[in-house]
Amino acid sequence: KAAIYYRAAPAALSATEGGLGAWSDLQGQLVCVSRDSPHSEILRTRFAARPHEYPSTAHALIGLKLGECRAVVDDDVLLKEIATLPEWQLYRHLLPALTDAKRHLSLATDDSDLQQQINTSLTQWEADGQLAELTRQWVDEVAFQAYVLADTLDCH
């Protein structure tokens, strides 16, 4: 059985003032996403939104700040944390995560002994907080990249 090490659902971050009221407000709107985002298809088909791709999540976040889109759609785990940062005080409105579109990352192998080792390691890492710390480091890295991009824009 595959070992799941990360779970998240799509969420949308928009301006604190005049933000989106509901996912349906994305109809016809440009939405910032990272290149090859797993959420682009649901934005197009379910909400008739227009995904605007950026090279990274950090770039997509800056697209929101520049007014190039109405919202950023990415993992709820990431966007909940980003919305708490002081530099995002004007962009703290989160639409609720689409739990019916939840995704997960997992590790699987046909080698049963190796799968058992993976499962044991992931269980241990989850219990001692290593998985949570890795997620925290990822969120911090995206936030830092967006901060540097925004700072570069402010300086020029």
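The values are calculated or read from the model by the stated rules, or taken from the named source; none is laboratory data. Computed from a predicted model, the values in this text were never measured in an experiment. Note that each Cβ is placed from the backbone with ideal geometry, even for glycine, and that neighbours are counted across all protein chains shown. Quick note on the areas: whole protein, heavy atoms, side chains included, nothing else; ligands and nucleic acids left out. Shrake-Rupley method; radii C 1.70, N 1.55, O 1.52, S 1.80 Å.
What size of dipole, in debye to the nearest 20, comes out for the stretch 44-99 about its Cα centre when the only charges are +1 on Lys and Arg C-beta atoms and -1 on Asp and Glu C-beta atoms?
Numbers: 7 positive and 7 negative charges, 58 e Å.
Using only the charged Cβ atoms, the result is roughly 280 debye.
Considering only protein heavy atoms and a probe of 1.4 Å, how much of the accessible area of the chain is carbon and sulfur, as a whole percent?
Ligands and nucleic acids excluded, carbon and sulfur give 51 percent.
Which of the lysines could a cross-linker bridge to K102, judged by Cα under 21 Å and excluding same-chain residues fewer than eight apart?
Output for K102: K1, K80.
Taking one equal scatterer on every alpha-carbon of the stretch 1-85, how large is log10 of I(q)/I(0) by Debye at q = 0.18 1/Å?
For the stretch 1-85 at q = 0.18 Å⁻¹, log10 I(q)/I(0) is -0.71.
Given H placed on each backbone N at 1.01 Å, which residues far from L30 in sequence or on other chains put an amide H within less than 5 Å of it?
When sequence neighbours closer than 5 places are left aside, the close amide H contacts are R50, R70.
So what are the ³J(HN,Hα) numbers for the stretch 95-108, from phi and the Karplus equation (6.51, -1.76, 1.60; θ = phi - 60°), rounded to whole Hz, Gly and Pro as x?
6, x, 4, 7, 5, 6, 10, 4, 10, 9, 10, 9, 10, 9
Counting other C-beta atoms within 10 Å, and keeping those with at most 12, which DSSP coil GluC sites (Glu not before Pro) do you find in the stretch 1-96?
Sites meeting the loop and neighbour criteria: E17.
Return a whole-number percent for the relative contact order of the stretch 32-112, with Cα pairs under 8 Å and 6 or more residues apart as the contact set.
In percent, rounded to a whole number, it is 25.
What do you get for Rg/Rh of the stretch 65-140 when both radii come from the Cα atoms and Rh is the Kirkwood radius?
1.11
Using only Cα atoms, what is the ratio of the radius of gyration of the stretch 3-43 to 2.2 N^0.38 Å?
1.39
Using +1 at the C-beta of Lys and Arg and -1 at the C-beta of Asp and Glu, which of V139, G28, A12 has the Cα lying farthest in the positive direction of the dipole of the chain?
Looking along the dipole axis, the top candidate is G28.
Two decimals, Cα atoms only, Kirkwood Rh: what is Rg/Rh over the stretch 33-80?
Details: Rg = 10.0 Å, Rh = 10.7 Å.
Ratio of gyration radius to Kirkwood radius: 0.93.
Please work out the average accessible area per residue across the stretch 68-155, using the 1.4 Å probe convention, and give it in Å².
I get 64 Å² per residue for the stretch 68-155.
Out of every Cα pair in the stretch 97-156, what percent are spaced more than 20 Å from each other? Provide the component values of the computation, followed by the final result.
Details: 972 of 1770 pairs.
Above the 20 Å cut-off, the stretch 97-156 has 55 percent of its Cα pairs.
Is any helix in the chain, taking whole DSSP H runs, at least 27 angstrom long along its axis by alpha carbon and on average at least 0.0 on the Kyte-Doolittle scale, and which ones?
130-155
Based on the Cα coordinates of the stretch 15-156, what is the per residue volume of their convex hull in Å³?
Normalising the Cα hull of the stretch 15-156 by residue number yields 135 Å³.
What percent antiparallel are the DSSP beta bridges of the chain, to the nearest 5? Write out the running numbers ahead of the final one.
Details: 12 of 19 bridges.
Of those bridges, close to 65 percent are antiparallel.
For the chain, what relative contact order do you get, as a whole percent, if you take Cα pairs closer than 8 Å and at least 6 residues apart?
Reported relative contact order: 35 percent.
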